[in-house]
Amino acid sequence: MDMQAPPAALLSLSCIAVRDETPTVKTFRLRSGSGPVGFTPGQALVLKVPLPGGPVWRSFTISGGAGGDLELTIKAQAPGGATRWLHENLREGSGIEARAPRGAFTLGLRGNDRLAFVSGGSGATPMMAMLRHLADTDPEADLAWFHAARDPAEVLFARELAEIQSRMPNLTVAISVSRAAPGWFGYRGRVSRARLASAIPDLGRRQVFCCGPQGFMQEVRLIHAAEGGARVQFHTESFGGTAPVAAPMVEAAPEGPGFDLTVNGRAIGIRPDETLLQASLRQGVIIPCGCGEGMCGTCMVQLVSGRVDSRPNGGLTPEEAAEGYVLACSTRAASDVEIRLA
């Protein structure tokens with residue numbers, strides 16, 4: 001099977017504004033020169049960040065947008081990384097490339113009249129995009145939002161949240177900080193069952209959208225289950241601007257049948273139970289990876305030949321799939337396979 005196709009078209013974006021949200025977080029407003037860019041609140045944008053050592057792909061949740069513009073609210077992480085580069089170099093008038101918005105962590109999953117948003121740190125960004133949408137389209141929505149931040153200065157969107165509350169009578173917002181400052185009268189401390197039960201007494205009966213560090217989301221998932229919540233009523237988003245998460249690694253390939261995997265002309269082996277990403281990383285071939293779960297699209301590669309079992313989880317657009325692209329983290333070989341890094 002010959003799946004060779006031209007590379008998926010990239011969006012050419014210009015930064016038209018930058019604003020400070022907190023001492024460590026900035027919002028970048030981006031505009032496409034080819035016209036408005038549509039997105040569904042909760043989706044993410046995969047940026048091609050031109051680091052000095054070579055470009056890297058990183059996923060950031062879209063925090064909002066109007067008139068076809070997109071806004072990304074990004075926390076600066078360690079020096080030398082993509083987020084730090086963006087904070088130091090992406091300014092009004094500069095440009096950057098990106099893949100089209102993607103992701104399934106959206107209100108399209110909504111199946112309950114009672115919603116809960118639970119976020120930690122920059123995990124507030126997809127929630128804010130969805131909240132802005134609800135404020136415009138369903139201001140009577142029954143929504144409880146619990147947000148955990150490091151300290152009061154790092155609470156995202158505080159002023160806008162207060163304004164939206166004035167327009168949404170059934171919206172409640174609770175904020176907890178790990179390090180309280182003088183004059184702080186909200187919740188204090190890490191997320192816990194007691195704290196969530198106090199902030200959202202009917203958590204187990206609500207459909208939950210949760211975003212934040214992996215440990216935070218796992219803890220909230222367990223609390224939701226302990227409160228009687230059904231697993232199908234709990235949704236997570238885990239790649240919004242965080243450091244890349246490596247897929248589970250296989251220490252060594254045991255004896256047994258397998259297939260040939262060729263990556264950019266280099267021949268390596270792959271077991272039927274390995275993903276393309278696992279086999280490549282195990283043998284020293286680096287494929288950029290974000291969420292590791294088929295959602296963010298960071299590990300998109302082009303299938304040149306062969307048969308595969310590909311199971312994207314919202315990380316591919318229909319156009320990209322039709323052009324023969326697959327996600328390395330959620331694709332397994334069903335024959336000898338050749339891929340090319342996108």
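The values are calculated or read from the model by the stated rules, or taken from the named source; none is laboratory data. Being a predicted model, the structure only gives us computed values, none of them experimental. Note that each Cβ is placed from the backbone with ideal geometry, even for glycine, and that neighbours are counted across all protein chains shown. To get the accessible areas, we keep the full protein, side chains included, count just its heavy atoms, and leave off ligands, DNA and RNA. Shrake-Rupley method; radii C 1.70, N 1.55, O 1.52, S 1.80 Å.
Taken over the C-alpha atoms, the stretch 86-173 has Rg and Dmax values of 15.2, 43 angstrom. Sparse packing (at most 14 other Cβ atoms within 10 Å of the Cβ) combined with a DSSP loop state is found for the following trypsin sites (Lys or Arg not before Pro) in the stretch 142-243: Arg150, Arg167, Arg179, Arg190. For the chain, the longest piece that avoids every one of the GluC sites (Glu not before Pro) found in DSSP loops with at most 16 other C-beta atoms within 10 Å covers 141-250. Looking at the square roots a ≥ b ≥ c of the eigenvalues of the Cα gyration tensor of the stretch 292-342, which shape do they give, rounded for a/c under 1.5, prolate if a/b is larger than b/c, or oblate? Prolate shape, in that a/c is at least 1.5 and a/b is the bigger ratio. Using the Cβ-Cβ distance between Arg231 and Arg179 with R0 set to 41 Å, the FRET efficiency works out to roughly 0.80. Normalised by the number of residues in the stretch 285-342, the average gap of Cα pairs under 8 Å and 6 or more apart makes the relative contact order 44 percent. Among the protein heavy atoms of the chain, carbon and sulfur supply 52% of the accessible surface, probe 1.4 Å, non-protein parts ignored. Accessible surface calculations at 1.4 Å, restricted to protein heavy atoms, place the chain at 44 Å² per residue. In order along the stretch 46-63, the Karplus-derived 3J(HN,Hα) couplings, from 6.51 cos²θ - 1.76 cosθ + 1.60 at θ = phi - 60°, round to 9, 8, 9, 8, x, 5, x, x, x, x, 10, 9, 9, 9, 9, 5, 6, 7 Hz, and Gly and Pro are given as x. Each part reduced to its alpha carbon centroid, the stretch 87-102 and the stretch 191-215 end up 33 Å apart.
Select from Ala17, Gly294, Ser59 the residue farthest towards the positive end of the dipole of the chain; place +1 on Cβ of Lys and Arg, -1 on Cβ of Asp and Glu, and compute about the Cα centre. The Cα lying farthest towards the positive end belongs to Ala17.
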